[in-house]
C-alpha cells in the first residue's frame, strides 16, 4: 500500500498518504526483508504475539537468550540461512503384490 502496489482501503487512505508524504520529505524507500535477514525482530515479534502482557527490554541482558543470540549474530555480521528440506519417503516398505 505504501509503495502504491496495492489499492488502499478507504479507512486507511489519510494515514497512508501521510506516511507517503513523510517518506517523500525524508527521501526514503520501503524494501522487503526476508525473515532470515532480521531474525532479532522476528524473535521479539513472536514473543509479543505469544504474551498478553507488555514486554519491555531496557538492556541487552534483559532480552531473552534467543534474542541476544540473534543480536550478536547481526552485530558480527554472521549470515542467517534458511534450509528447506524435502521429505524422503521410503519406497522399500511398499511392496507390490503379484
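List of remarks:
- The residue pairs whose first member lies in region 43-57 and is farther than 16 Å from residue 68 by Cβ, whose second member is surrounded by 10 or more Cβ atoms within 10 Å (Cβ to Cβ), and whose beta carbons are closer than 8 Å, counting only pairs six or more residues apart or on different chains, are 48/55.
- Only one of the numbered conditions (1) closer than 29 Å to residue 76 by Cα; (2) surrounded by 11 or more Cβ atoms within 10 Å (Cβ to Cβ) is violated by residue 19, and that is (1).
None of the figures in this text is laboratory data; all of them are computed from the coordinates on show. Computed from a predicted model, the values in this text were never measured in an experiment. Backbone-built Cβ (ideal geometry, glycine too); neighbour counts: all protein chains shown.
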